[in-house]
Amino acid sequence: MEGVITMQNRFTNWVYVVSLGSDIPEWSDISWIDIVDKKCKYFYPFDHKSWPNEPPNYIAFRYYSKLQSIHHIEGYQVVEEMHSHIPEIKAGAWEPHFLFDLGKPFRPDHDVPTGPRIKRANRVWVLLDTLFTSDTISDALTETEKRKAQ
């Protein structure tokens, strides 16, 4: 994967909001939440139609029906083996994945529940400030859409 070049736009306020499960995947000894909270890592498939091909500048995590944290993505790489980066993941080859190094978490000073527009594991793009000024992630999505339409 050394020949793969991707660019991260470091000058954007877009946040990719993803859902984390509390389960422990069969290929891991820790949960999705622990991968983020304890390892400060996150990953998703590279070059997959349902995931961004350009690494986000910010990523936010929601679980237990509300926003839990927002992180600046400090660095990333495309990897085909996770165990050497996250030892709790079983050794073996993977399809290429973006692997992100997460910056220190930050969050609004109030609870931001998911809201009615975002179902199950849906992922959404919102503007960073809307997560701080909206009552729900759904409201942040609505405000982001309004601004985009202007």
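If you put +1 on each Lys and Arg Cβ and -1 on each Asp and Glu Cβ, how big is the dipole of the chain around its Cα centre, in Debye rounded to 20?
The dipole of the chain has a size of about 520 debye.
Can you give the % of DSSP beta bridges in the chain that are antiparallel, to the nearest 5?
Numbers: 24 of 29 bridges.
That works out to approximately 85 percent antiparallel.
How do 68-77, 136-145 rank on mean C-beta neighbours within 10 Å, highest first? Intermediate values should be presented prior to the final figure.
On the way: 68-77: 16.8, 136-145: 20.2.
With the highest mean Cβ count within 10 Å placed first, the list reads 136-145, 68-77.
Determine the share of segment 21-150's accessible area contributed by carbon and sulfur atoms, expressed in whole percent, with a 1.4 angstrom probe. Each step should come with its number before you reach the end.
Values: 3440 of 7030 Å².
Roughly 49 percent of what the probe reaches on segment 21-150 is carbon or sulfur.
Kirkwood hydrodynamic radius for segment 55-95: how many Å is it when counted over pairs of different Cα atoms?
Details: mean 1/r = 0.0804 Å⁻¹.
It is 12.4 Å.
Can you tell me how much longer the chain between THR142 and GLN68 gets when fully stretched, taken as 0.36 nm per residue apart minus their C-alpha distance, in nm with one decimal?
24.7 nm
Below 8 Å, C-alpha to C-alpha, sequence gap of six or more: please give me the relative contact order for the chain in percent. Kindly include the intermediate steps, with their values, before the conclusion.
Details: 277 pairs, mean separation 39.3, N = 150.
Once divided by the residue count of the chain, the mean separation gives 26 percent.
Could you give me the percent of Cα pairs per 10 Å distance bin for segment 7-94, shortest bin first, beginning at zero and ending with the bin that holds the maximum distance?
15, 46, 35, 3
Using only alpha-carbon positions, what ratio does the radius of gyration of the chain give when scaled by 2.2 N^0.38 Å? Before the final figure, lay out the partial values.
Working: Rg = 15.5 Å, N = 150, 2.2 N^0.38 = 14.8 Å.
Rounded to two decimals, the normalised Rg is 1.05.
Using 0.36 nm per residue, how much length does the chain from TRP27 to TRP51 gain when fully extended, once their Cα-Cα distance is taken away?
Separation in residues times 0.36 nm, less the Cα-Cα distance, equals 6.5 nm.
Taking LYS39 as the anchor, which lysines have their alpha carbon closer than 16 Å to its alpha carbon, excluding any fewer than eight residues away along the same chain?
Filter leaves LYS90, LYS104.
Of SER31, SER50, SER134, which has the largest mean-square fluctuation in a 10 Å C-alpha GNM of the chain?
SER50
For the chain, modelled as a GNM with alpha-carbon contacts under 10 angstrom, which of GLU80, GLU26, GLU54 fluctuates the most?
Maximum among the listed residues: GLU26.
Relative to the first principal axis of the alpha-carbon coordinates of the chain, what is the inclination of helix 137-149, with its axis defined by its Cα atoms, in degrees from 0 to 90 and to the nearest 10?
Helix 137-149 and the main axis of the chain meet at about 80 degrees.
Could you give the accessible area per residue of segment 100-150, probe 1.4 Å, as a whole number in Å²?
Numbers: 3180 Å² over 51 residues.
Solvent-accessible surface per residue comes out at 62 Å².
The values are calculated or read from the model by the stated rules, or taken from the named source; none is laboratory data. What you see is a predicted model; the values in this text were computed from it and never measured. Because the Cβ atoms are built from the backbone with ideal geometry, glycine has one as well, and the counts that use them run over all protein chains shown. Note: accessible area is taken over every heavy atom of the protein model, side chains too, but ligands, DNA and RNA are not part of it. Shrake-Rupley method; radii C 1.70, N 1.55, O 1.52, S 1.80 Å.
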